[in-house]
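See below for the structure under consideration.
The values are calculated or read from the model by the stated rules, or taken from the named source; none is laboratory data. All of these numbers come straight from a predicted model, not from anything done at the bench. Methodologically, a virtual Cβ is constructed for each residue, glycine included, from the backbone with ideal geometry; neighbour enumeration extends over all protein chains shown.
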Amino acid sequence: MDFDYSPKTQALLARVKAFMEQHIYPNEPRYFRELEACGVWDTPKLVDELKAKAKAEGLWNLFLPEQEEGAGLTNLEYAPLAEQMGRAPWAPEVFNCSAPDTGNMEVLARYGSAEQKRQWLAPLLDGRTRSCFAMTEPAVASSDATNIQSSIRREGDHYVINGHKWFSSGAGDRRCALFIFMGKTDPDHADRHKQQSMIIVPREAKGVTVVRPLPVFGFTKLDKVAEVTFENVRVPAANMLLGEGRGFEIAQGRLGPGRIHHCMRLIGLTERALEAVCKRTKSRVAFGRPISEQSVTLERIAQSRILIDQARLLTLHTAYKMDTEGNKAARAEIAMIKVAAPNMACQVLDWAIQAFGAAGVTDDFGLASAYAIARFLRIADGPDEVHRNQIGRLELRKHA
């Protein structure tokens with residue numbers, strides 16, 4: 001395995017770093033001022049300004065293959081770029097590389113019909129709209145997606161949709177134009193994994209109600225997650241993705257790349273936190289010497305370095321295996337990074353908050369929101385327990 005970044009990646013990485021230095025970091029105070037001022041459904045104007053700049057510089061849709069107007073990068077090539085963008089939680093959207101849109105764009109690019117791509121994918125690729133992935137439900141244990149109770153019922157040339165969703169990523173954004181909705185078309189099918197389907201639901205369809213934004217540790221705008229109800233929503237039959245009963249197939253195709261992208265970005269966010277800890281503890285004196293010289297601080301900085309590098313190398317290995325053997329062959333590695341990276345980030349960010357003292361739990365340094373993101377990702381896209389069970393089963397198969 002050769003983890004040297006390709007010349008193409010190195011050139012793009014230099015350009016992304018330069019953009020971050022020139023446009024993202026200096027504008028963070030303005031971003032948070034505008035975020036505070038705008039409503040829960042809105043996004044700071046700064047984001048649209050910088051999206052135009054990123055698009056003009058060709059730093060756009062970097063996660064997609066060239067045939068879908070992307071940069072044509074492999075997962076391994078994209079990893080350092082996603083890490084760099086992840087250093088500021090709001091930066092990925094500037095490059096049109098943020099969740100849940102990346103996963104939804106991949107679904108539409110891979111499984112969508114020509115008309116679905118024209119109507120729904122093209123505006124997403126252009127950054128004119130945003131999207132939502134609606135799978136999790138409040139009434140069931142959604143860690144087992146076969147529990148989903150929402151219904152998709154065929155009536156002539158339409159489907160009628162009923163369901164109650166929450167933690168629907170992207171639903172709380174005023175620019176959201178569509179939901180990729182998962183529900184049951186055949187609840188009595190003998191194969192529990194062929195009962196579900198995915199369908200495109202326009203945000204403006206009659207019967208769709210965004211009930212409320214869902215705060216995550218008090219942050220109401222984190223990933224724009226929301227609670228949504230669907231009451232007798234009628235959509236054209238042509239909005240069905242791939243075909244009835246293929247929802248799990250689509251979900252597996254979507255969640256593999258989505259999970260590794262979360263890990264890539266989270267490593268960048270945690271790396272930046274460690275840099276902040278080093279600067280902060282060198283500049284603060286307690287009990288007659290810099291905090292950085294206290295043995296407990298040195299130990300935590302050292303352990304943080306170890307944990308971040310472990311997570312990065314495991315992520316790169318997973319990306320390499322996805323590229324060379326396919327997502328299915330890499331399912332154990334994908335599950336491993338989905339456990340390892342958020343747990344690593346929670347620990348390193350907890351130490352960072354401790355090093356900053358009371359300042360660490362305020363909004364001033366971004367550590368509290370970073371911790372909320374990391375802790376949420378131990379549940380989002382499948383909780384740790386589900387991934388550990390899968391890893392354990394796959395390991396046991398080796399010894400059958």
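General observations
- Check on ALA352, hydrophobic (A, V, I, L, M, F, W, C), closer than 19 Å to ALA88 by Cα and touching a strand residue (DSSP E or B) at 6+ places or on another chain (Cβ under 8 Å): no
- When restricted to residues that are within 15 Å of the chain's Cα centre (by Cα) and farther than 14 Å from SER143 by Cβ, the range 378-400 contains 0.
- Of all the listed residues (GLY156, GLY163, GLY172, GLY103), the sole one being at pLDDT 95 or above and crowded, with 16+ Cβ neighbours inside 10 Å is GLY163.
- Note on the range 156-188: residues that are of a type outside the set (S, T, N, Q), in a loop (DSSP other than H, G, I, E, B) and closer than 18 Å to GLN116 by Cβ total 2.
- Residue within the range 78-86 that is surrounded by 21 or more Cβ atoms within 10 Å (Cβ to Cβ), among the hydroxyl-bearing types (Ser, Thr, Tyr) and within 30 Å of TYR371 (Cβ to Cβ) present: yes
Yes/no matrix, rows are residues, columns are (1) over 19 Å from ALA380 (Cβ atoms); (2) outside any helix (DSSP H, G or I); (3) free of Cβ contacts under 8 Å to residues at least 40 places away in the same chain; (4) in contact with a strand residue (DSSP E or B) (Cβ under 9 Å, 6 or more places away or on another chain):
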position: MET105; (1), (2), (3), (4): no, no, no, yes
position: LYS117; (1), (2), (3), (4): yes, no, yes, no
position: TRP120; (1), (2), (3), (4): yes, no, no, yes
position: PRO123; (1), (2), (3), (4): yes, no, no, yes
position: PHE133; (1), (2), (3), (4): no, yes, no, yes
position: GLU137; (1), (2), (3), (4): no, yes, yes, yes
position: VAL140; (1), (2), (3), (4): no, yes, yes, no
position: SER143; (1), (2), (3), (4): no, yes, no, no
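- Among the residues of the range 319-337, those identified as more than 18 Å from ILE379 (Cα to Cα) and small (Gly, Ala, Ser) are ALA319, GLY326, ALA329, ALA330.
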